[in-house]
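For reference, the structure is listed below as structure tokens.
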Amino acid sequence: MGIASNLVTYVVGKMHLPSATAANIVTNFSGALFMLGLFGGFVADTFLGRYWTITISAMIETLGAFLLAISTAVPGLQPPPCSGSICIEANGLQVGVMNIALYIIAFGVGGLKSNVSGFGTDQFDDKDKKEKSKMDYFFSRFYFVINFGTLLGVTVEIYIQDYVSRAWGYGICCIVFFVGLMGFLSRTRKYRYRKCMGSPIIQILQVLVASVWKRKLKCPTIDTLYDDSTEAAKIHHTDQLCWLDKAAIVSEKEIGADGFVIRKPWKLCSVTKVEEVKMMVRLMPIWASTIFFWTIHAQLLTFSVVQASTMERSIGNFKIPAGSFNVFFITGILVSSAFYDRVIIPLMKRWKGKHGLTNLKRIAIGIVFSIVAMTVAAIVETKRISVSRSMGGNVTTLPLNFRILIPQFFLVGVGEAFMYSGQLDFFITRAPTGMKSMSTGLFLSTVGLGFFVSSFLVSIVNKVTGTHVGSAWLTSNINYGKLHYFYALLAVLSFINLVFYLLCAIWYTRTTKNIVQIESIVSSSKEEEKHAMQMEGTPTATSADEDC
């Protein structure tokens, strides 16, 4: 955030590129950063494991920040300062070096974001009640600490970049990344580690290919499905998405002369493998219904900063940088995270005996806050544009205090606190054990897609309303546009998205409710069997054996 939140001012002010080009550079960097989380999750689950993926990704991120600092310090990697009104745009080499540094950072952050939270949950045993409760605290505190760092990024970092130098600002980012990496490595011997479970993408493709290969067969019964007895962890069969069950049908050609099953992974998959794919498929409606929240997140931060640049931002002799208005957004996140941790969780424990709200409810609350934020933003912009028009429009600073913008920043921050923690918890806890890094990357891809959808939405609005003053919603000078209409449109689309999300959440809850009931019945029968064996004097497995 210390790099991304103030990058557009560097591209425009120092590299002398057009604002549209600068916006694309920032949007593409931010979108790629989150989309690369999918790749980072794949590498961790398939090859390196979470620990080594985090370590290598942190090194890559540190290298990228170092190169970015160098590119701002070496005179030949920047165009000369403007001479009056004449500014020379950065050449291909200068832009290329900057983009290489940015995408190296994005590559490193992608590997970090998709694995750090999952590696954190690896340190807790979710079968132990005490550790399970600690894991719930971990999610809220994990997000709180991240946003505290973000708060430093949008205040201290931006101040250093604007009032000291970019080289020092990005250099400090590099140092902080390195110190964080050393802190992570210092606990190496005390971490808990999980082995790689194989490629989740290959497994998903195998189930899909096998089910398509046997698509003409009828949906089977449980007795006719292939169950691999060598698998350590088994998942019980469910009735939903029965078309995938065809991948586990044992055909006559797959039975050898000795009567044993001839397993070909691209034609025959076990029930557990199929059920793991079903678990991922069930996540997709929730995944799709949460993308638009991040579209609003991207749009609000962009246009709210532009709004702030037209207002009176002075506190005494200090003038708040427009990019630092994100501090109110981060404040909303920190306040709501602390309130949830210290107030809502204890109340829920006393009232219903539950450890806070479910992840699906937290996501719904986040979407509701986004609707409220857009509504407030539309009202505030209506007030701002009326003042602008009363003064003729062509005014650099309007006689409006910046405090009028605080509510929309704060509300989006509150919404993100619920949305981010809810999504993170949902995608980690509802995914199969061997696909948790991939599912975290899937969650992060909603953020990346939100940035890309925001660019697409702006393009559509510009195409429909045009760019001429009087009819255009989004003009280069927002004093002549109709930004309040755009905010209102986002509020309406977010409400539609809320309805879509609620339908997806209800569907998911109903489909998984039966699964939980089945697992409870199976667990109860196992406990009864174990108790009966103990009564008969039959030795049972010890806890150490079970751990093995």
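The values are calculated or read from the model by the stated rules, or taken from the named source; none is laboratory data. Keep in mind that this is a model prediction, so the values were computed, not measured. Every residue, glycine among them, receives a Cβ derived from its backbone with ideal geometry; neighbour counts consider all protein chains shown. Note: accessible area is taken over every heavy atom of the protein model, side chains too, but ligands, DNA and RNA are not part of it. Shrake-Rupley method; radii C 1.70, N 1.55, O 1.52, S 1.80 Å.
I need the full set of residues from the range 129-169 which are open to solvent by 50 Å² or more (accessible area, probe 1.4 Å), out of contact with any helix residue (DSSP H, G or I) (no Cβ under 9 Å at 6 or more places or on another chain) and farther than 20 Å from residue 326 by Cβ, in order please.
If the condition is that a residue be open to solvent by 50 Å² or more (accessible area, probe 1.4 Å), out of contact with any helix residue (DSSP H, G or I) (no Cβ under 9 Å at 6 or more places or on another chain) and farther than 20 Å from residue 326 by Cβ, then 129, 130, 132, 134 are the ones that fit.
Could you tell me how many of the residues in the range 241-260 are at pLDDT below 75 and either open to solvent by less than 60 Å² (accessible area, probe 1.4 Å) or of a type in the set (Phe, Trp, Tyr) (or both)?
Total meeting the criteria: 5.
Of everything in the range 270-282, what is open to solvent by less than 40 Å² (accessible area, probe 1.4 Å) and either on the phi > 0 side of the Ramachandran plot or assigned to a helix (DSSP H, G or I) (or both)? Give them in sequence order.
271, 272, 274, 275, 276, 277, 278, 280, 282
Report, by residue number, each residue of the range 456-483 that is open to solvent by less than 30 Å² (accessible area, probe 1.4 Å), assigned to a loop (DSSP other than H, G, I, E, B) and either touching a Ser or Thr at 6+ places or on another chain (Cβ under 6 Å) or not hydroxyl-bearing (Ser, Thr, Tyr) (or both).
466, 472, 474, 481
Specify which of the listed residues (390, 421) is surrounded by 24 or more Cβ atoms within 10 Å (Cβ to Cβ) and among the small types (Gly, Ala, Ser).
Among 390, 421, only 421 is surrounded by 24 or more Cβ atoms within 10 Å (Cβ to Cβ) and among the small types (Gly, Ala, Ser).
Provide a single number: the residues in the range 443-479 that are touching a residue at least 24 places away in the same chain (Cβ under 8 Å), small (Gly, Ala, Ser) and more than 18 Å from residue 293 (Cα to Cα).
Residues in the range 443-479 being touching a residue at least 24 places away in the same chain (Cβ under 8 Å), small (Gly, Ala, Ser) and more than 18 Å from residue 293 (Cα to Cα): 1 in total.
Only one residue in 1, 15 is open to solvent by less than 10 Å² (accessible area, probe 1.4 Å), outside any helix (DSSP H, G or I) and not small (Gly, Ala, Ser). Which one? Please lay out each step first, then the result.
Numbers: 1 fails: open to solvent by less than 10 Å² (accessible area, probe 1.4 Å).
That would be 15, the only listed residue that is open to solvent by less than 10 Å² (accessible area, probe 1.4 Å), outside any helix (DSSP H, G or I) and not small (Gly, Ala, Ser).
Which of the residues that make up the range 300-348 are over 16 Å from residue 9 (Cβ atoms), open to solvent by less than 30 Å² (accessible area, probe 1.4 Å) and either of a type in the set (Asp, Glu) or touching a strand residue (DSSP E or B) at 6+ places or on another chain (Cβ under 9 Å) (or both)?
Hits for the range 300-348 are 311, 341.
Note down all Cβ pairs under 8 Å where the first residue falls in the range 283-301 and is on the phi < 0 side of the Ramachandran plot and modelled with pLDDT of 95 or more, the second is open to solvent by 10 Å² or more (accessible area, probe 1.4 Å) and not in a helix (DSSP H, G or I), and they're at least six residues apart or on different chains.
none
Being farther than 20 Å from residue 335 by Cβ and polar (S, T, N, Q) is the filter here, so list the residues in the range 123-152 that pass it.
Across the range 123-152, the qualifying residues are 123, 133.
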